[in-house]
Structures are given as structure tokens and as C-alpha cells.
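Below is one structure, written out as C-alpha cells; the observations come after it.
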Amino acid sequence: MATRTIREMGDPILNKVCKEVKEITPRVIELIEDMLETMYETGGVGLAAPQVGIIKRICVIDVTPPDEEPDPIILINPRIIETSGEQTGEEGCLSVPGKAGVVTRPNYVKVAAFNEEMEPYEIEGTGLLARAFCHEIEHLDGKLYVEKVEGEIHDVTREDVE
Ligand code: NI
């Protein structure tokens, strides 16, 4: 495993619509392992493949507090299939370092995706996890949270990163 360089806002790869994963190859497995390592190394709660320069529909998420055992979620070709409620709160992104802004998201999100064996599964979450699902899946369509910020994007001293 290795960490990969995180692309920052202004890099055109972050605005690409990513391609569906057709099969799990050793390269895909290596990419997922590297994405996990990069996410944990940077203290983020999520990372999407275009953020490391790969335009494939893959995200990794882990909203477990840092003092607990990691519990990574791997989403391949994810789709949001159900949402409800609303939450408004601070959001950040590893591709927009040192910044945060207020974004309203659904408070409950259900996702259909494939795992590393290319088996379909569904996963649901509320609160921060629901926010991470929305944020990371939007990366796969070339969208950054900054488009949705209500009011000003502001500087943060300790990044609340996704
Ligand atoms: Ni992000």
C-alpha cells in the first residue's frame, strides 16, 4: 500500500464524470488499498477516486472516531436510492484544504453499491455518514461541496475534512 497525492480544487480531474468499474482487477484492489491508506493518513472521513487522479466510480468512507477500530466502507459504482430528512452543518474536503462551509444534506441516505468482490449490497446511514455518502458520491460526478455552500467558505484551523 502507498499513499497517493490528493488533487486540489482547480485540478480539472476533479470535475470529470467518473467511469463505472466493470471488473475488479489487481489495479482496482491496489487503488482501494491506497485510497484507504491516504484517507487514514490525512485524517479524512472519506475519499473518492478522482481525488487521487483516477476517474473511476469508487469511494472509501470511515466515520469511526479516531480512537476506535477503523470500520471502512468501500463503495464501487454507488447510487443513492433513498433519502429523507435534512441536516445543515459544516463540511470540508481534502481537495479544498483548510476550508469549510455550511451545506444542507439529507439526514438519512441509503446507497446501493458493489463491494470488492463485485457483489451488490445496500448500506444506509444518518448524520455524518449520510453527509459523507452525498459528498463522496458527488465527487464521482465531478462536483465539489463548494458549489452547495450556504454563505461564505471560511478558513478552519483544524480541518473537518471529508
Ligand atoms: Ni471531498
message: Please check: in the Gaussian network model of the chain (C-alpha springs, under 10 Å), which one of L47, L140, L128 has the largest mean-square fluctuation.
response: L128
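Most exposed first by the Cβ proxy, i.e. fewest other Cβ within 10 Å, how do I73, I123, I29, I61 rank?
With the fewest neighbours first, I73, I123, I29, I61 line up as I29, I123, I73, I61.
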query: When only Cα pairs under 8 Å and 6 or more residues apart are kept, what is the percent relative contact order across region 51-104?
result: 25 percent
message: For a quick check, take a GNM of the chain with Cα springs below 10 Å and name the residue from E122, E68, E138 with the largest mean-square fluctuation.
response: E68
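Per DSSP H run of n ≥ 4, the term is -39500 (n - 2.57); total these for the chain, divide by its residue number, and report the mean residue ellipticity at 222 nm rounded to 500 deg cm²/dmol.
Working: 2 runs with 30 residues, N = 162.
Per the formula, -6000 deg cm²/dmol.
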Pairs beyond 24 Å (Cα-Cα), from K19/K110; K22/K148; K22/K110; K22/K99: K22/K148; K22/K99
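Please get the size of the charge dipole for the chain, origin at its Cα centre, with Cβ charges of +1 on Lys and Arg and -1 on Asp and Glu, quoted in debye to the nearest 20. Present the calculation step by step, with values, prior to reporting the outcome.
Numbers: 16 positive and 33 negative charges, 149 e Å.
Roughly 720 debye for the chain.
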For region 12-161: span of alpha carbons on each principal axis (Å, largest first): 42, 34, 29
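All of the numbers you see were taken from the coordinates with simple rules; none came from a lab. Quick caveat, the model's predicted, so the values are computed rather than measured. Neighbour counts run over all protein chains shown; Cβ positions are idealised from the backbone, glycine included.
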